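J.: Before anything else, here's the structure in question.
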Amino acid sequence: MSAALFPDDPSIRTSNGQPVVFVERISKTYPVPFQRLKKLLKRKFKPPVEAVRDVSFEVREGEIFGLIGPNGAGKTTLTKMIATLIQPTDGNVTVKGYDSVHDDVAVRRHVGLAGAEERSFYWRLNAEQNLQFFARLHGLSSFDSAKRISELLRLLQLEDSAKKRFAELSTGNKQRLSVARAMLADPPVLLLDEPTRSLDPLAAARMRAIIKSLAQDETKRVTVFLTSHNLAEVEELCDRVAVISKGEIKALDAPRNLRATHSDNERVSITFTVDDAEKVEAALREAFSTHSFTLGRSDVSAAWMLAFSRKTNDQTLDTVLRVLHRTNCLVKGVESERATLLEVLEHYEQPDVIGTESDSSSPDPSPAKEENPR
Amino acid sequence: MSPLLFLRRVWAFVVRDWRLELSYRMQFFLRVLSILILVTTFFFVSKIFVGFADPRFTQWRDPFAAWLTGMAMLNYFMTGFSSLANAIRQEQVQGTLESVLMTPISVPTVIVASSAWDFVQATLFSSLYLVFGWLFFNVHYQGNYLLALAILLLTTVVLSCLGILSASFAMVFKRGDPFGIFLGTGSALFSGVFFPTQLIRDYAGSTVANISRVLPPTYGLDGIRRVLIEGQGFAQVRQPLISLLVFLAILLPLSLWVFSRAVRRAKREGSLIQY
């Protein structure tokens with residue numbers, strides 16, 4: 001696992017916040033129901049499913065913490081354990097100092113969960129009535145709940161849908177209502193499961209801005225625990241990202257550190273204009289004796305685009321720029337692209353990586369499963 | 001949790017269910033109509049037995065009044081028994097249980113509050129049996145209504161304990177609740193809803209008749225009929241009251257213990273929201 005499990009990297013902007021969520025060596029194995037009875041009756045049963053294994057991290061006040069991983073990696077189980085909906089088999093989760101098993105009600109007072117499940121609302125009640133119900137369960141008075149609901153409907157641009165039955169709302173609005181519900185009691189910790197999944201690009205951008213502002217607002221300093229398959233969004237929003245695979249945290253760091261740690265290659269694109277492109281190509285072939293490159297017309301008229309990969313901090317870029325300069329090229333732009341989070345994710349999904357980094361004391365790890373079949 | 005907060009939450013569930021009920025208006029009116037039709041049917045059936053009542057069965061001199069109290073109380077008792085498990089199952093099937101459990105509210109509170117609307121409805125519909133009998137068919141009830149209400153509440157609480165056991169089964173096994181089968185079908189046959197329980201002894205022997213002795217609704221119905229039909233007072237209904245209190249003393253701690261185990265197990269298995 002990479003560093004920064006407990007962050008002291010000054011480059012991480014939220015590291016000065018107090019720890020709010022502590023996850024300490026938690027594991028979750030879904031037991032086989034009535035295993036002893038099935039053994040007694042000599043009936044076949046599937047082995048227990050190990051969904052999360054020995055996971056530890058902490059999330060600080062005002063931090064946006066991302067959790068990424070493929071389907072079935074254990075993201076939902078981990079989120080639900082923080083939300084007290086599932087009890088860990090081993091280890092502890094504490095939120096604001098409250099234990100998720102022994103003080104579960106207190107934990108829920110500090111946590112709001114916005115899931116991706118549409119059926120979690122009452123379809124024959126309207127949006128406002130749904131929020132009123134959940135606000136009252138949070139203990140808000142009639143006056144306070146009306147005020148808070150009005151604020152949230154405005155913030156999430158749901159005012160026009162307030163009187164519509166939930167069944168009649170668009171998928172995007174249902175998603176927004178789920179976030180509104182999570183924010184009803186103004187909790188210091190928000191657990192967001194793909195909060196922009198069904199939103200149009202404008203609404204998604206607004207949602208990201210809201211999430212950012214909640215974390216950055218000095219008076220609130222909301223801690224956000226975000227699970228998402230949208231890696232660009234994770235990269236844009238999150239201060240730190242944990243990569244989970246087969247129930248284990250494989251890496252945890254700031255997105256740019258993850259990218260840097262897991263790939264030392266970068267892709268470089270240079271845009272230039274020149275009168276004699278053939279001469280440039282010949283000079284590049286001579287210089288690139290061991291590298292491959294592509295040279296072609298750029299989208300910009302009369303410009304050429306040269307693309308190649310290099311090891312970060314090697315001499316290739318300098319060599320290429322000298323060649324271009326020598327052949328009378330006018331360099332218009334240079335862009336470099338380091339590894340993406342997708343590549344980081346792919347790295348941990350490679351069988352040899354998983355094989356080498358898994359706990360050797362568990363020779364036959366059961367496949368992690370995110371959700372139990374009904 | 002303060003009592004005020006608890007009541008506020010119960011009220012939230014009642015308002016929610018009232019609103020959901022309003023979205024199905026037709027169902028409400030059809031149910032009222034079906035009670036009226038049932039009461040009318042029993043009125044005409046009772047006319048067959050005019051003058052044939054066995055003098056041993058003092059509560060059954062007017063079988064129509066006995067049936068009305070029997071059906072009204074059975075409706076209420078069954079609500080007490082089944083509403084808790086139904087509340088869990090309905091939230092599971094709707095997919096809303098998880099979102100309710102994400103609020104700072106304990107599982108027992110969720111179950112009690114979710115079933116509150118069922119009791120409101122049961123009170124209304126059970127009353128309708130008695131009101132229709134009084135309004136349209138000249139059935140008169142006597143005795144101390146408060147005492148009858150006390151017996152009704154005590155019986156309902158006892159049945160709610162069995163309901164908690166039933167909800168525990170629903171939580172762990174999801175379906176196939178033995179308490180439901182035993183009490184649902186057993187009460188109508190053995191508790192004296194439609195005929196005196198003494199007849200079971202006469203026709204089926206004392207072993208079978210003993211089944212009615214282990215069913216709390218038997219004592220609840222007997223007590224309520226003694227008050228409403230025979231006009232008896234507290235001293236005369238002491239025996240069914242004591243029996244109900246014994247049931248309560250055994251079932252309340254047992255059901256709460258079983259329920260806490262069931263919740264713990266469901267959370268451990270991650271099956272709380274499955275159905």
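J.: Within the set of pairs 6 or more residues apart or between chains, which connect a residue that is within 17 Å of B:GLU98 (Cβ to Cβ) inside the stretch A:167-184 to a residue that is of a type in the set (Phe, Trp, Tyr) with Cβ atoms less than 6 Å apart?
T.: A:ARG181/A:PHE134; A:LEU184/A:PHE134
J.: Which of the residues spanning the stretch A:120-131 are facing another protein chain (nearest Cβ under 8 Å) and either on the phi > 0 side of the Ramachandran plot or not hydrophobic (A, V, I, L, M, F, W, C) (or both)?
T.: A:SER120, A:TYR122, A:ARG124, A:GLN129
J.: If I filter the stretch A:59-70 for residues that are acidic (Asp, Glu) and more than 14 Å from every other protein chain (Cβ to nearest Cβ), do I get at least one hit?
T.: Yes, because at least one residue in the stretch A:59-70 is acidic (Asp, Glu) and more than 14 Å from every other protein chain (Cβ to nearest Cβ).
J.: Hey, does the stretch A:62-69 have a residue that's assigned by TED's automatic domain parsing to the domain that holds A:GLY97, touching a residue at least 24 places away in the same chain (Cβ under 8 Å), surrounded by fewer than 24 Cβ atoms within 10 Å (Cβ to Cβ) and not in a strand (DSSP E or B)?
T.: Checked against the condition, which is being assigned by TED's automatic domain parsing to the domain that holds A:GLY97, touching a residue at least 24 places away in the same chain (Cβ under 8 Å), surrounded by fewer than 24 Cβ atoms within 10 Å (Cβ to Cβ) and not in a strand (DSSP E or B), the stretch A:62-69 yields no hits at all.
J.: To continue, here is another question. Looking at the stretch A:89-118, which of its residues are within 9 Å of chain B (Cβ to nearest Cβ) and of a type in the set (Asp, Glu)?
T.: Matches in the stretch A:89-118: A:ASP104, A:GLU117, A:GLU118.
J.: Among the residues of the stretch B:185-211, count how many are within 16 Å of the chain's Cα centre (by Cα) and either farther than 16 Å from B:LEU74 by Cβ or part of a helix (DSSP H, G or I) (or both).
T.: Residues flagged as within 16 Å of the chain's Cα centre (by Cα) and either farther than 16 Å from B:LEU74 by Cβ or part of a helix (DSSP H, G or I) (or both) within the stretch B:185-211 amount to 6.
J.: When the residues of the stretch A:177-213 are filtered to those that are away from chain B (no Cβ under 14 Å) and more than 16 Å from A:VAL224 (Cβ to Cβ), which remaining residue is surrounded by the most Cβ atoms within 10 Å (Cβ to Cβ)?
T.: Residue satisfying both the conditions and the ranking: A:LEU199.
J.: Related question: Which residue pairs have Cβ atoms under 9 Å apart, sit 6 or more places apart or on different chains, and have a first residue in the stretch A:102-114 that is touching a residue at least 40 places away in the same chain (Cβ under 8 Å) and a second that is among the hydroxyl-bearing types (Ser, Thr, Tyr)?
T.: Hits for this filter: A:ARG109/A:TYR98; A:ARG109/B:THR103; A:HIS110/A:TYR98; A:VAL111/A:THR84; A:LEU113/A:THR79; A:LEU113/A:SER178; A:LEU113/B:SER99; A:ALA114/A:SER178.
J.: Any residue at all in the stretch B:236-259 that's surrounded by 15 or more Cβ atoms within 10 Å (Cβ to Cβ), of a type in the set (Phe, Trp, Tyr) and closer than 30 Å to A:SER100 by Cα?
T.: Yes, that holds for at least one residue.
J.: Can you list residue pairs whose Cβ atoms sit under 9 Å apart, with the first residue in the stretch A:227-256 being within 18 Å of A:SER198 (Cα to Cα) and the second being surrounded by fewer than 20 Cβ atoms within 10 Å (Cβ to Cβ) and polar (S, T, N, Q)? Count only pairs 6 or more apart in sequence or on different chains.
T.: A:HIS229/A:ASN71; A:LEU231/A:THR340; A:ALA232/A:THR340
J.: Here's another thing I want to ask about it. Which pairs do you get when a residue that is outside any helix (DSSP H, G or I), found in the stretch B:132-147, comes within reach of a residue that is modelled with pLDDT of 90 or more and of a type in the set (Val, Ile, Thr), reach meaning Cβ atoms under 7 angstrom, with the pair 6+ apart or on two chains?
T.: Cβ pairs passing all conditions: B:GLY143/B:VAL227; B:ASN144/B:VAL227.
Yes/no per residue for (1) without any contact (Cβ under 8 Å) to a residue 24 or more places away in the chain; (2) among the β-branched types (Val, Ile, Thr); (3) farther than 30 Å from A:ILE210 by Cβ:
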| residue | (1), (2), (3) |
| --- | --- |
| A:LYS279 | no, no, yes |
| A:THR294 | yes, yes, yes |
| A:ASP299 | yes, no, yes |
| A:LYS311 | no, no, yes |
| A:ASP314 | yes, no, yes |
| A:VAL320 | no, yes, yes |
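J.: So if I check each of A:ARG267, A:ARG310, which one is within 30 Å of A:ILE68 (Cβ to Cβ), surrounded by fewer than 17 Cβ atoms within 10 Å (Cβ to Cβ), within 34 Å of the chain's Cα centre (by Cα) and not hydroxyl-bearing (Ser, Thr, Tyr)?
T.: The match here is A:ARG267.
The values are calculated or read from the model by the stated rules, or taken from the named source; none is laboratory data. No experiment lies behind these values; they were computed from the predicted model shown. We place every Cβ from the backbone using ideal geometry, glycine too, and count neighbours over all the protein chains shown.
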